[in-house]
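Undergrad: Just passing along the structure, written as structure tokens.
The values are calculated or read from the model by the stated rules, or taken from the named source; none is laboratory data. Remember, it's a predicted structure, so these values are computed and weren't measured experimentally. As a convention, Cβ positions derive from the backbone with ideal geometry for all residues, glycine included, and neighbour counts pool all protein chains shown. Quick note on the areas: whole protein, heavy atoms, side chains included, nothing else; ligands and nucleic acids left out. Shrake-Rupley method; radii C 1.70, N 1.55, O 1.52, S 1.80 Å.
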Amino acid sequence: MQKYKNLSRRQLLSLAGGAGAVPVLWPFVPRLEAAEAEAKQVLPRFSYWYEFTMPHNLLTQPLYQSEPGPLAFKESFAPLNQIAEKSVLLRNIDRLTAYPLVRNHHETGAIGITGWRPGGEGKFSTSATSVDQWLAEKIGQTTPVKDLRAGWKNVGRFDVDISMSVVDGEPQERFQDPLLMYEYIFRNTFEKLRDIDAYQQLQQRKSILDVAKSSLDKLKTHTSARDAERMEAHEFAIREVEQKINIALANSTENIFRCLAEKKITAEAVTNEQHAYPIYSQLMTIALACNLTRIAGAHYGNPRCNLHYEFVENFRSDSMDFHRKTHRPDKAYLYDVLKFRAQSIVEYVKMLDAVIEPDGSTLLDNTLFYWTNDMIWSHKLRDDGHCFIAGAKNRIKRHGEMIATSGLLHNDILTTIAHYMGETSIEKYGDRQYCNGVLPSSYFG
Amino acid sequence: MNRVLLTCVALKLAVCVKALVFTYLISLLLSCDGIEQKPSSSSSSSSSASASSNSSSSSSSSSSSGGINNVTYKTIPGTQIDAPPSCGRVEPPPTQLLTNDQIANVIRDIFAPLEIEVPRMRGSYLKKDKISLSLMEDLLIVADSVAEQVLKQIDQLDLHCDVEIDCARQFIITYGLRAFKQPVSEEIIERYLQKLYLKETLFEQGLAQIVRGIILDPFTLYQYTSGTDTETENLALSAYDKAAKLSFLLWNSIPDDTLYQAAKANKLDTKQGLHDEVQRLINDDRFIYGLAAFYRNWLHLYSFHYRRPPGLDKSASDAFSQFIFHMYRNDASFSDLLTSPTVFLNSQLAELIDHKDGTFTEELTETELVDHPGFLTRTGYLIHFSGNEEHPNPSMRGANIALNLLCSDIDFSGFDWHFEFILPFVPKEGQSYRQALEFAVSTHPICEECHIQIDSLGFTLNLFDAKGRKRIDDNGLPIDTSVADSLLGPLQDHHDLANALANSEVALQCYAKNWADYLFGEALTEEEQCAYDLLQQSVMQHRGNLLQVLNDLINNPKFHYR
């Protein structure tokens, strides 16, 4: 039998934390490969993509067809056609309920799509939880990380400088930097979650129960019929413990590390800020693929964007922030940004689609990707809200279509997403006055 | 909180059911010699037997049809021991899942002479029917802890080998024999090596896995494992099974190496060999574990570890066990257990009961206290029936005596346990706790029905508070211990109670029944009932002298057959 040198936890941490160009997990590959392939559960996942003004229909209306039918993106959104067959665009969504407590508008009491700290934009008195975090709270801690939120640092005048999600008035932390997220996935999980010792212990316990089962089978052949029930109870207890162990193994850090090792993520790669978008996407993909979490989202909320969009040609050397540009007649710069965003989303969705799950489906098939923002009401466009959905193959049956709804309540979409994630006890999302419940199959299948 | 909980009592209904079964048994014993009399076909035990009969009982069906006097063998197959004059062959007994105490004892003895401390497990320490999920989880934790302890003492393991895998093999053979109560087959050795040892990198890790595997192995966790040889219909126990039966009875644990050697040398197949081993096991200090196990089950003293009043360590339970051990060692009868003034005290217990005569250390020392007759007046008994209160709970004490010492058939079946029936009350000014309890009971007819049968027995022990200390008053009033009990008649105090029980045939029969229950479990067939009755008769005949009963036991068919 092949033997592998055991690495102490200290050694492992030391190596995992080592920076530089060396793929940090390579030293572990032999050991990781040695571990028996654990059957991972194929669970529905949710990935939320928030853009501050995207798809802002003031800008985006010209970028796709006006009539319902096959999806056909144009110009800056043309890259999205690459994933059109696995996507659906919903229009005419009544998004009143999605925008929390907007000034001078009646209060819906709804939870917003994204959260704003109190005194946020326009000093609105809001306290809203982003939909991904809301969903994560509902689902609870079923994975090592409840939910993973990536995003830009926010430096805009809208003062959303910490988070796009507020819980009980407290802005919630998110990964403001890809490197922080990288560190969290690679190293902090060791500190906070199950460590390699625990993984080893679980494997050992599986072996012990395996032996116990064999002995029980033998014992059963020697005992009288009076013992049948007793033996069954013993067998049941073993199975129950085994099941618990299997779940723990699937969620164990080492399992995640093995997965990360296969991706060969390097510390150097994530420090390159110009690649932050794809790196975030890659980390989210890994986190979802490796069952680190079932909910991973990106909240890109920087309204100025100067710093981060320098690599967009028409933005370079222009000091005007993105939001101000949206109010200018010349939209050329903005469309360049839109193109970049569309490309980023395509890249992310393709990443999800490239991961093969244990049952042969792709990660995208099992992930509901949801792209939207909440800047609708204040721009007088409540009657034509949009959202872009990809993936969730077993639930969404109208891939490749643009669907013009008749004032579909946005809260109903979110309720439907909650059901997709298995939270079928949720009847309505947000203010019940603005929610009818789960969408009929004509939308989601 | 200084209040009494009047309960309609925290007693298990199951005990009641047992009491009803016993009623039948008492009538059986009183009406005949108990051997040749067949149980009535309408009895609960025989009806259970027919209901539970199945393919496994084919070998005994002939003897069943022939009745209990149908003698099948002149000698027990495979032995030189005369077959019992009656009863025929008995059904294969069910396997017995080890109790938490037994698991702890077994683990300690498997790895002896290593010093192993077994973590406490959840759940009842009484006999239990089936393994539970929580027990499985606890066992995994226990296994980890024990493996770690074994590795720390690895130098003390009795292994003679040069190559690591040979050492592992030897470890499995040596410690597996103890754990599984029989020699380890080559199949099991290979399974342990392949699935546990060789999967680990280092020798120590592999050994630790073997330790864990042994602890979790069903062959370790059940008492009887050889089972039925259905092909030959030879239902006589193997020598190794007999060794295990003896050791669990007398030590509440596995055989030691000497007993295994005796089994291997077929010594347990002769009367003399069996007798010698019984005597050896009784003379061993581990005999105290076997006795404690019986008393814990009989008297429901399962909460020794967590019902102790604050500040009182395990001295009380140790002193109780020591008293029982001492009495049996000295040929005590049942009545001696109830009346003997012999007490074991250490400094802590002496201080607790305010005993100032003599000097005591931390060690338990034998002494005599004439006002503390028998085990009913011991702290180790009394603390179980008073919760955390300072004052006594006569209802709990009385119920325990009625149900377990007198096998009373108090019917709690109509009692629907509900919070509203638990009436917390505080005696009024000028009212004793006894008066308060009696008043409360009398004003609640649904409670009175049961309490009237149990409280009087408890009142006789009113001199002792919750910790077994003597009280000087009852809420400022004189302590009243006199009663007119419905079962035992007029009693003035705890001395009267002890004497009445000591001289009670009903109490002795109840004691005999509990021994039979403990050793054999429920009798499900006529043959088993016969064996069961034989044991009870032995206890009655010897007035509860356990040493003499044990000698009879080795002639009991239930002891020799599966």
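Undergrad: Length gain on complete extension for the stretch B:Ser347 to B:Asn503, per 0.36 nm per residue less the alpha carbon to alpha carbon distance?
TA: Gain on stretching B:Ser347 to B:Asn503: 52.8 nm.
Undergrad: Which whole-Hz couplings ³J(HN,Hα) result when phi for each residue of segment A:435-441 is put into the Karplus expression 6.51 cos²θ - 1.76 cosθ + 1.60, θ = phi - 60°, listed in order with x for Gly and Pro?
TA: Computed from phi, the couplings for segment A:435-441 are 8, 9, x, 5, 5, x, 5 Hz.
Undergrad: Counting only other chains, what is the mean number of Cβ atoms within 10 angstrom of the Cβ of each residue in peptide A:289-298?
TA: 0
Undergrad: Roughly what would the spin-label model give for B:Lys152 and A:Ala72, points 7 Å off Cα along C-beta, in nm?
TA: Label-label distance for B:Lys152 and A:Ala72, simple model: 7.7 nm.
Undergrad: What nm distance separates the two modelled labels at B:Asn266 and A:Glu85, each placed 7 Å from Cα along Cα→Cβ?
TA: Going by the 7 Å Cα→Cβ label model, 8.1 nm.
Undergrad: Using θ = phi - 60° and the Karplus form 6.51 cos²θ - 1.76 cosθ + 1.60, what ³J(HN,Hα) does each residue of segment A:347-364 get, whole Hz, x for Gly and Pro?
TA: Using θ = phi - 60°, the values come out as 4, 5, 4, 5, 4, 4, 6, 7, 8, 8, 7, x, 8, x, 6, 9, 4, 5 Hz.
Undergrad: Quote to one decimal, in nm, the extra length available between B:Glu115 and B:Glu429 on full extension: 0.36 nm per residue of separation minus the C-alpha distance between them.
TA: That pair, B:Glu115 and B:Glu429, stretches by 107.5 nm at full extension.
Undergrad: Based on the mean of other Cβ atoms within 10 Å per residue, sort peptides A:135-144, B:333-342 so the most packed one is first.
TA: B:333-342, A:135-144
Undergrad: If you don't mind, there's one more thing I want to ask. Around A:Glu242, under 10 Å between beta carbons, what's the net of Lys plus Arg minus Asp minus Glu among the other residues?
TA: That works out to +3.
Undergrad: Modelled label-to-label distance, B:His160 and B:Val370, 7 Å Cα→beta-carbon offset: nm?
TA: Those two pseudo-labels are separated by 6.1 nm.
Undergrad: Counting partner chain Cβ atoms within 10 Å of every residue's Cβ in A:200-210, what's the average?
TA: 5
Undergrad: Could you pull out every residue, at least 5 positions away or on a different chain, whose amide H is within less than 5 Å of the one on B:Ala236? Hs are placed 1.01 Å off N in the peptide plane, and Pro or chain starts have none.
TA: Result for B:Ala236 returns B:Arg562.
Undergrad: What FRET efficiency do you get for B:Asp285 and B:Leu202 if R0 is 35 Å and r is their Cβ-Cβ distance, rounded to the nearest 0.05?
TA: For R0 = 35 Å, the calculated efficiency reads 0.40.
Undergrad: Let me ask you something else. Check which residues have an amide H placed less than 5 Å from A:Ser87's amide H, if you skip close sequence neighbours.
TA: The list, which skips near neighbours in sequence, is A:Gly400.
Undergrad: While we're on this one: For a 20 Å ceiling on Cα separation, which of these pairs sit above it: A:Lys220/A:Lys244; A:Lys218/B:Lys181; B:Lys152/B:Lys181; B:Lys356/B:Lys467?
TA: Beyond 20 Å: A:Lys220/A:Lys244; B:Lys152/B:Lys181.
Undergrad: Could you please report the charge total around A:Lys213, scoring K, R as +1 and D, E as -1 over all other residues with beta-carbon less than 12 angstrom from its beta-carbon?
TA: Computed value for this residue: +1.
Undergrad: Can you list the HN-Hα couplings for segment A:284-294, worked out from phi with the Karplus curve (6.51, -1.76, 1.60; θ = phi - 60°), rounded to whole Hz and with x for Gly and Pro?
TA: Taking θ as phi minus 60°, the curve returns 5, 4, 4, 4, 6, 5, 9, 6, 5, 8, 9 Hz for segment A:284-294.
Undergrad: Between B:Asp257 and A:Leu43, what's the calculated FRET efficiency when r is the beta-carbon distance and R0 is 60 Å? Round to 0.05.
TA: With R0 = 60 Å, the Cβ-Cβ based efficiency is 0.65.
Undergrad: What average count of beta carbons from other chains do you get within 10 Å of the Cβ of residues in B:210-219?
TA: Shielding by partners across B:210-219 averages 6.
Undergrad: Amide H to amide H, which residues 5 or more places from A:Gly297 or on other chains are under 5 Å from it, using H placed in the peptide plane?
TA: Under 5 Å from the amide H of A:Gly297: A:Tyr48, A:Leu148, A:Arg149, A:Ala150.
Undergrad: Could you state how much accessible area is buried at the A-B interface, both sides summed, with a 1.4 Å probe, in Å² to the nearest 100?
TA: Summed over both sides, the interface buries about 3700 Å².
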